[in-house]
1. Look through region 274-295, keep the residues that are closer than 24 Å to Gly358 by Cα and β-branched (Val, Ile, Thr), and return whichever of them is farthest from the ligand (Cβ to nearest atom).
2. Considering only region 139-161, how many residues are acidic (Asp, Glu), more than 16 Å from the ligand (Cβ to nearest atom) and within 18 Å of Trp177 (Cβ to Cβ)?
3. If you take the residues of region 105-127 that are among the polar types (S, T, N, Q) and surrounded by fewer than 24 Cβ atoms within 10 Å (Cβ to Cβ), which of them is nearest to the chain's Cα centre (by Cα)?
4. At pLDDT below 95 and either in contact with a Cys (Cβ under 8 Å, 6 or more places away or on another chain) or under 29 Å from Glu79 (Cβ atoms) (or both): which single residue out of Cys290, Cys284 fits that description?
5. Mind counting the residues in region 296-327 that are assigned to a helix (DSSP H, G or I), within 16 Å of the ligand (Cβ to nearest atom) and modelled with pLDDT under 95?
6. State which residue is modelled with the lowest pLDDT when the search covers only region 88-104 and only residues that are among the aliphatic types (A, V, I, L, M) and buried (at least 19 other Cβ atoms within 10 Å of the Cβ).
7. Counting just the residues of region 347-381 that are of a type in the set (Gly, Ala, Ser) and not in a loop (DSSP other than H, G, I, E, B), which one comes out nearest to Thr2 (Cα to Cα)?
8. From the list Arg159, Arg170, which one is modelled with pLDDT under 95, part of a loop (DSSP other than H, G, I, E, B) and surrounded by fewer than 19 Cβ atoms within 10 Å (Cβ to Cβ)?
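The values are calculated or read from the model by the stated rules, or taken from the named source; none is laboratory data. Worth saying up front: this structure is predicted, and the values here are computed from it rather than measured. Cβ atoms come from the backbone with ideal geometry, glycine included; neighbour counts cover every protein chain shown.
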Amino acid sequence: MTVFLCERMLRSADAEIEPNMAVTVEAGRILSVAAIAEQDRARVDAISLPGLTMPGLIDAHTHLRSTPAIEQSKLPGLEFAQWTVALNGMTPVPQRLDAEVAAVEALRAGVTGVQVILHSFGDRQQRLAELSDAIAALEQTGVRGLVVVGFTDQAEYARPGADSGFAPHRGMLLEEWPGFLDQARALVAAASDTISLAIGPVAPQWCSDQALEVLAAARGELRVHTHLHESDTHREWLGDGETPLARLHRHGLLGSFASVAHGVHLHGDELALLAELGVTIVHCPNSNECLGVGQAAVSGWLAAGVQPALGMDSQATPKADMFAEMRAALETSRLCDGLLEPVNVLQFATLGGAAATGAPSGEIAPGKFADLVVLASSASTVAELVSESDPGDVRAVFVGGAARWPLSAQQLEAVDARTVELQQIVSLDSAQRQSRIGALLSNFTLESYGGAR
Ligand SMILES: [Zn+2]
């Protein structure tokens, strides 16, 4: 058992900040939360936490990349469709290294839990290696992770029937998916209990009906995560009147076990359906802004009864910063209708993330995971906390009651070296990358993407 003696505490996004609170933790979970008593201070297992202790933040949609993909691949004037093609020209980096740095950056930003979507076209062995790398990076840092293996079996760069002039090599056949999932399950079962597995179509419009059927049949108890209605083109992708959302629903892939990312282009009846089914929508305001896919009117989600979460989509720049993401959500709301408040966006980043990942976390309460962040903050309200905080304020991070941040000077040095190594790989490849992306784009026609059906 451990007792944390918190100088100040915010139990949950909608609470008041309280002074001198004790949190008792056993086996990774919170046993009790109460005012500090005299006997608490005398305990040998007591740990004093000066500053403001709050629930750990949850990044509910990430690709666990350490540098924004957009930095490598977004060229001036490029449309979203072209950018998705350009992504295929990105500099290949050692994935383990990339994931490790991304996981450390998450910790540095006060993130105790992530939902990671793995989107690749590798063969079975490569995909298992990617999953192992993500698991290893999360285990090494202690960040709690729901790792989603994403599947597609259709062209992502041209509507069905149209030729995009470009198709990535697809290494795994539909028939292999169930066997691959068994192996993925085994990998996660052998990992630490902070790691869980989920599945999903990378996006439903990029999966055939047969593929969605296979996923639904193989799902078992696993959670589902996917990109949904990110751009208006994707919403209308199949051109047959059935939206990607409707297809997911038809295949039984929506429910309280599911979360969907972006949801920029959702209509009122669709929001009502998602609310009724208990699906969480992960708002990615910064990513939506830099990809130019439109602005999600999130107060409409709340009005419909949907629980939003918050995700950085591995696009935060220059560094992962969930407080900046919360402020981006407020800024987007200001441009849409101005109805979101700081307490809402903090709730998205905590309890919303818990809903998106199906974890008992997001608040400091008995029975919940002891996932805590300690900030050097003099904020006296949630509004001040959201407007003033950044990763530089993060003093300590605990996951399941275990201290994960700060790292030792030696560990930080090693991470810095890895970061430099990655930057060098990316910058040395700059000219080749430009020409790869140029070649991909010269083969690609926007007509096949936006027009032909
Ligand atoms: Zn994404």
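1. Val279
2. 1
3. For region 105-127, the residue satisfying everything is Ser120.
4. Within the list Cys290, Cys284, the selection yields Cys290.
5. 0
6. The qualifying residue modelled with the lowest pLDDT is Val93.
7. Within region 347-381, the match that is nearest to Thr2 (Cα to Cα) is Ala354.
8. Unique residue meeting the criteria: Arg170.
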